[in-house]
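Chemist: Let me begin by handing over the structure; questions about it come next.
The values are calculated or read from the model by the stated rules, or taken from the named source; none is laboratory data. Since the model is a prediction, treat every value here as computed from it, not as a measurement. Here the Cβ is made from the backbone with ideal geometry for all residues, glycine too, and neighbour counts use every protein chain on show. Protein only, heavy atoms only, side chains kept; ligands, DNA and RNA dropped before computing areas. Shrake-Rupley method; radii C 1.70, N 1.55, O 1.52, S 1.80 Å.
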Amino acid sequence: MKEIPNIPFFKTSKAEIEFEIFTLNSLFSRKNKLHFSLDKPHKVEFYHILFITKGTGEHFIDFQKYKYYEGSIFFISKGQVHAFEVYPDRDGFVILFTEAFLSTNLIHSDILSLSILYNYHLHSPIMQPEETGKTNFVRIIKEIYDEYNSPDGFAKEEMLRLLLKLILLKAERVKNTLLPK
């Protein structure tokens, strides 16, 4: 049996922090340059937020299929096994961050909140648009993307921390309404 590769977080030359955001299409375009296959199961040592902006398909998390479409949001936890369907007609945003980024930049209650949000025993790893209602995740995610790619480095890490916290709080609010009382 083939072993599932462990994928650590790689700091890019662009970012000294353990946080990154890029488009799903840009990830797919560099699939042949990676040391693992995106479409084969791999275990990650960092957290993901995967937001779908275009297309439909399936994503595999812990060997289960999850159907997605425009507006779906995945929360993939450190230690989970996942695999992509790689098709160029799908797009979205991928946000990656580590525990080190969180412990450096968030307070203890934020980390506790994150552990609840990313607890795949309590919650499904996906939220569909009909569950998120009118919560506008795309606006905040685009703001994170713009801030990350801004040449202005002043307070960049703090801005990213606050915008990430906003996404996580909004997601936690939605997930809280989905839990049985």
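Chemist: If I model a spin label at ASN6 and LEU166 as a point 7 Å from the Cα along the Cα→Cβ vector, what separation in nanometres do I get?
Modeler: Simple spin-label model gives 3.6 nm for this pair.
Chemist: For ILE52, what charge total do you get from the other residues with a beta carbon under 13 Å from its beta carbon, if Lys and Arg give +1 and Asp and Glu give -1? Before the final figure, lay out each step's value.
Modeler: Working: positive: LYS54, LYS67, ARG90; negative: GLU58, GLU70, GLU85, ASP89, ASP91.
So the surrounding residues net to -2.
Chemist: Between GLY92, VAL81, TYR66, whose Cα lies farthest towards the positive end of the dipole of the chain when Lys and Arg beta carbons carry +1 and Asp and Glu beta carbons carry -1, centred on the Cα centre?
Modeler: It is TYR66, whose Cα lies furthest towards the positive end.
Chemist: At 7 Å along the Cα-to-beta-carbon direction for both TYR120 and THR23, put a label point, then send me their distance in nm to one decimal.
Modeler: Label at TYR120, label at THR23, 2.8 nm between them.
Chemist: If you don't mind, another one. Modelled label-to-label distance, PHE36 and SER150, 7 Å Cα→beta-carbon offset: nm?
Modeler: Distance between the two pseudo-spin positions: 3.2 nm.
Chemist: So what's the chain giving for Cα Rg divided by 2.2 N^0.38 Å, two decimals?
Modeler: Working: Rg = 15.7 Å, N = 181, 2.2 N^0.38 = 15.9 Å.
Compared with the compact-globule rule of thumb, the chain sits at 0.99.
Chemist: Give me the accessible area per residue for the chain, probe 1.4 Å, as a whole number in Å². Walk me through the numbers on the way to the answer.
Modeler: Working: 10030 Å² over 181 residues.
Result: 55 Å² of accessible area for each residue.
Chemist: Within the accessible area of the chain, what % is carbon and sulfur when the probe is 1.4 Å and the other protein chains stay in place?
Modeler: Numbers: 5450 of 10030 Å².
Solvent-exposed carbon and sulfur of the chain make up 54 percent of the total.
Chemist: Starting from the Cα-Cα distance between VAL86 and GLU99, subtract it from 0.36 nm times their residue separation and give me the gain in nm to one decimal. All intermediate terms of the calculation are to be shown ahead of the outcome.
Modeler: On the way: separation 13, 0.36 × 13 = 4.68 nm, distance 2.72 nm.
Here the answer is 2.0 nm.
Chemist: So what's the stretch 5-53 giving for Cα Rg divided by 2.2 N^0.38 Å, two decimals? Working shown, then result.
Modeler: Details: Rg = 11.3 Å, N = 49, 2.2 N^0.38 = 9.7 Å.
Compactness ratio reported: 1.17.
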